[in-house]
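K.L.:
Quick one: the structure is below, questions incoming.
Rule-based calculations on the coordinates, nothing more; no lab input. Everything numeric here is computed off the predicted structure, so don't read it as measured data. No Cβ is skipped: glycine too gets one built from the backbone with ideal geometry, and neighbour counts run over all protein chains shown.
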Amino acid sequence: MTDLPSWGVAADSPTAEHYRIFGAREAAGSSATYEEWALGVADDPEMLALIDELPRAKRQANLVFAAMRVAGVPIAPWRNARRIAVDRWPDIRDIALTHATQTNEAARCAVLLPQLARLPGPLALLEVGASAGLCLHPDRYAYRYTADDGTVTSLDPPTPTEVVIDCRIENTAPPTHLPEVVWRGGIDLNPLDPADPDTLAWLDALVWPEHDDRRARLAAAARIAASDPAPIRGGDLNDLITDAAASAPRDATLVVFHTAVLAYLTPDDRERFRRTMAETDAVWLSNEGLGVFPEFERLVPSGERHRFILTVDGEPVALTHPHGRSYRAL
């Protein structure tokens, strides 16, 4: 290994490894900018030392890169972006410390819908880690599912919508109807207001640079959520889940769901939540990345480790794209 300057952070440190994996596995093929930035950080002792000033939970690439963009670091080759990031590190650090990766991707509804459409309605939806609540409106978005043979199935809500979600679906038939949703609620450590401009600016910064379709969808979905905001309780999901579930109407099928949330819990808290869900009458939809439930990692091919695993009541049913772009039934 090459000798390092006095910053004292090795290229094989946990932070370096996180950025290397993020660049090579998650950003590769999806964001050329973030792939280059992440791999650049992984081999940059000075940047690694700055990032390691942050608490461990604040060092993740999505958060740091979004904070860099809010602080004025341009979408540019790493050598140019790096110089500005170092100069503006105090601002970047403050933004990272006061914000969180509450990515609210409405397109994730497309990978939940094949399961939601199979449930007896009407539905009551309770999202943990709801952010601004954009995924609590799956019945108000339009969908275009492309099957293995190229056939496109379109689903449109009764009321015209600006949100149109494209999703490739494999190994199963696409859903044929939108669910009837009669109740919506959420839980989040820091509930966000979809009508607040500062909130939308931060959510926009969390969208990867090249993903213009996601950026446009975010704005349109936020307008829908702001027009009929779902109540989102602020606090720890394990502390609030039982009471929140009890507030749902009894004559509806309660669905508790989450995407990219449980990875932020400790293993003990994750197991506590799992036990709670096993003891409730709710249908539990979990859409999480590898590592949350290690027993399912064998289901993900080695070249697709970026995929999420969708489970229903703890049983794996599909591999999904983290941003809702594809659904592959197991």
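K.L.:
Quickly work out the HIS177-to-THR266 label distance, labels modelled 7 Å from Cα along the C-beta direction, and quote it in nm with one decimal.
P.N.:
According to this spin-label approximation, the distance is 4.6 nm.
K.L.:
From the helices alone, meaning DSSP H stretches of at least four residues, give me the mean residue ellipticity at 222 nm for the chain, per-run term -39500 (n - 2.57), in deg cm²/dmol to the nearest 500.
P.N.:
Details: 11 runs with 113 residues, N = 330.
Only helices count here, giving -10000 deg cm²/dmol.
K.L.:
What is the calculated FRET efficiency for ASN80 to ALA216, with r their C-beta to C-beta distance and R₀ = 41 Å, to the nearest 0.05? Could you put the intermediate results ahead of the total?
P.N.:
Numbers: r = 27 Å, r/R0 = 0.65.
For ASN80 and ALA216, the calculated efficiency is 0.95.
K.L.:
Over 20 Å apart: what share of the alpha carbon pairs of the range 14-98 falls there, rounded to a whole percent? Walk me through the numbers on the way to the answer.
P.N.:
Values: 756 of 3570 pairs.
Result: 21 percent of Cα pairs exceed 20 Å.
K.L.:
Gap in Å between the Cα centre of the range 129-164 and the Cα centre of the range 19-46?
P.N.:
Their Cα centres are 31 Å away from one another.
K.L.:
Specify the angular offset, from 0 to 90 degrees and rounded to the nearest 10, of the alpha carbon long axis of helix 78-87 from the longest principal axis of the alpha carbons in the chain.
P.N.:
Value to nearest ten degrees: 80.
K.L.:
For the chain, with only Lys/Arg (+1) and Asp/Glu (-1) charged at the beta-carbon, what is the dipole magnitude about the Cα centre, in debye rounded to 20? Before the final figure, lay out each step's value.
P.N.:
Working: 32 positive and 48 negative charges, 62 e Å.
I would put it at about 300 debye.
K.L.:
In a shell of Cβ-Cβ distance under 12 Å around ALA85, excluding ALA85 itself, what net charge do Lys and Arg (+1) and Asp and Glu (-1) give?
P.N.:
On the way: positive: ARG69, ARG79, ARG82, ARG83, ARG88, ARG93; negative: ASP44, GLU46, ASP87, ASP91.
Local net charge: +2.
K.L.:
Towards the positive end of the charge dipole of the range 106-329, with charges on Cβ (+1 Lys, Arg; -1 Asp, Glu), say which of PRO267, LEU192, VAL111 has the farthest Cα.
P.N.:
In the range 106-329, that residue is VAL111.
K.L.:
Could you tell me the calculated FRET efficiency between ASP193 and ALA147, based on Cβ-Cβ distance and R0 = 51 angstrom, to the nearest 0.05? Kindly include the intermediate steps, with their values, before the conclusion.
P.N.:
Numbers: r = 38 Å, r/R0 = 0.74.
That pair, ASP193 with ALA147, gives E of 0.85.
K.L.:
Can you tell me the order of 173-181, 316-324, 61-69, 203-211 when each peptide is scored by its average per-residue count of other Cβ atoms within 10 angstrom, highest first? All intermediate terms of the calculation are to be shown ahead of the outcome.
P.N.:
Working: 173-181: 16.1, 316-324: 21.7, 61-69: 24.0, 203-211: 19.2.
Put in order of decreasing packing, that is 61-69, 316-324, 203-211, 173-181.
K.L.:
Neighbour counts of other C-beta atoms within 10 Å: give me MET47, MET277 arranged from fewest to most.
P.N.:
Taking fewest neighbouring Cβ atoms as first place, the list is MET277, MET47.
K.L.:
Follow-up question, since we're still on this one. Taking the alpha-carbon centroid of each part, what is the distance from the range 73-123 to the range 201-230 in angstrom?
P.N.:
Each part reduced to its Cα centre gives a spacing of 10 Å.
K.L.:
Right, something else. Between ASP166 and ARG274, what length comes free when the chain is fully extended (0.36 nm per residue of separation minus the Cα-Cα distance, one decimal in nm)? Numbers along the way, then the final one.
P.N.:
On the way: separation 108, 0.36 × 108 = 38.88 nm, distance 3.10 nm.
Stretched fully, the ASP166-ARG274 segment lengthens by 35.8 nm.
K.L.:
Can you tell me the order of 305-315, 73-83 when each peptide is scored by its average per-residue count of other Cβ atoms within 10 angstrom, highest first?
P.N.:
Highest to lowest by the protection proxy: 305-315, 73-83.
K.L.:
Let me ask something else about it. How much of the DSSP beta bridge set in the chain is antiparallel, as a percent to the nearest 5?
P.N.:
Working: 16 of 43 bridges.
Here the antiparallel bridges make up roughly 35 percent for the chain.
K.L.:
Additional query: Per-residue counts of other Cβ atoms within 10 Å, averaged by peptide: what ranking do you get for 112-119, 37-44, highest first? Show your work: numbers first, answer last.
P.N.:
Values: 112-119: 19.6, 37-44: 22.0.
Put in order of decreasing packing, that is 37-44, 112-119.
K.L.:
Hey, another quick one. Remind me, relative contact order of the chain in percent, using alpha carbon pairs under 8 angstrom and six or more residues apart?
P.N.:
Values: 588 pairs, mean separation 56.0, N = 330.
Over the chain, the number comes to 17 percent.
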